[in-house]
Amino acid sequence: MRNPTRSSPQLYIAIVHWIGEEIRSGRLGTGEQLPTERQLCEQFSVSRTVVREALSQLKSEELISTYQGKGAFVAKRTERHGFRIDQAPCDGETSIKHVLELLMAIEVAATRLAAMRRTSEDVKKMGQALDGMEGAIFDESLGDGADHQFHKAVLVAAGNPHFKALSEYLDHGIRRLIRDARINTAEKFSDEIQLVQDEHRAIFLAILAGDPSAAADAASRHLSNSGERLRMVHATKVVQR
Ligand SMILES: [Zn+2]
């Protein structure tokens, strides 16, 4: 039985593809209103969570704009980017592995640069995010927002605007991954949440110390451990089915 509060990647990707095609083909023109959330739920037989996930992805690709209480509309034709993280639907485990490999390449390089270029403002932002995650452990909330803030602060600290631009473009995929990772850790590896925090702290301390290779190592360790935790969860899920 599917948990109705969690969205299936395949389902939301189907909606993203369909609406994306409607817009790209011109069947839905600039400024035109999209079907309502309720209509989309009925058309695709999915929950509102799945529809919202799809709309949020389309928004991050700048294909649509949403207005509180009015609905979603086709965005003005801006220059459309050629890269999308959810382009190829594939099974959950392969998909996570691929996103992680890409993230690993970006994060390790950015963390190395961050150790060389961080400003006091960067250090302050990372420290705040770290405190946010510490607080989440204390009150047993997910802390995915703070986790995301932390990695974003590291990318900014790399002092290269292209890392920041790429991460903003990948934002939706990264947020999903971080949320999934933290949900999985909270559900299946609750005793490991402190280890996750230690991994973040190691990244922070290496950046603070201005040690590029220790920073790169710490980032690499955090992402490969995250990958391991996620793969273990997926393996368990398959057995349970
Ligand atoms: Zn993290």
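Any read-out appearing in this document is the output of simple, stated calculations on the displayed coordinates, not a laboratory observation. No experiment lies behind these values; they were computed from the predicted model shown. All Cβ positions, glycine included, derive from the backbone under ideal geometry; neighbour counts span all protein chains shown.
Numbers for the structure displayed
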read-out	value
Burial ordering of 67, 12, 169, fewest other beta-carbon atoms within 10 Å first	67, 169, 12
Spin-label proximity, residue 102 to the range 39-70 - amide N less than 13 Å from point 7 Å beyond Cα toward beta carbon	61
Inter-label distance for residue 211 and residue 25, nm, one decimal - labels placed 7 Å from Cα along Cα-to-Cβ	5.7 nm
Footprinting exposure proxy for 36, 49 (fewest neighbouring C-beta atoms within 10 Å first)	36, 49
Nitroxide proxy distance, nm - points 7 Å out along Cα→Cβ at residue 48 and residue 120	4.7 nm
Order of 122, 139 under a 10 Å beta carbon neighbour criterion, fewest first	139, 122
Phi to ³J(HN,Hα) by Karplus 6.51 cos²θ - 1.76 cosθ + 1.60 over the range 102-111, Hz, x for Gly, Pro	5, 4, 4, 4, 5, 5, 5, 5, 5, 5
The range 147-229: mean projected area of Cα convex hull, nm²	5.2 nm²
Formal net charge of residues neighbouring residue 204 (Cβ-Cβ distance under 12 Å; K, R +1; D, E -1)	-2
Cα gyration tensor shape of the range 105-144, rounded if a/c is under 1.5, else prolate or oblate by comparing a/b with b/c	oblate
Semi-axis lengths, Å, the range 9-74, gyration tensor of Cα atoms, sqrt of 5 times eigenvalues	17, 13, 11
Paramagnetic label zone (point 7 Å from Cα along Cα-to-C-beta, residue 160; backbone N under 14 Å) in the range 212-226	216
Shape metrics for the range 92-240, restricted to C-alpha atoms - Rg then Dmax, Å	14.6, 48
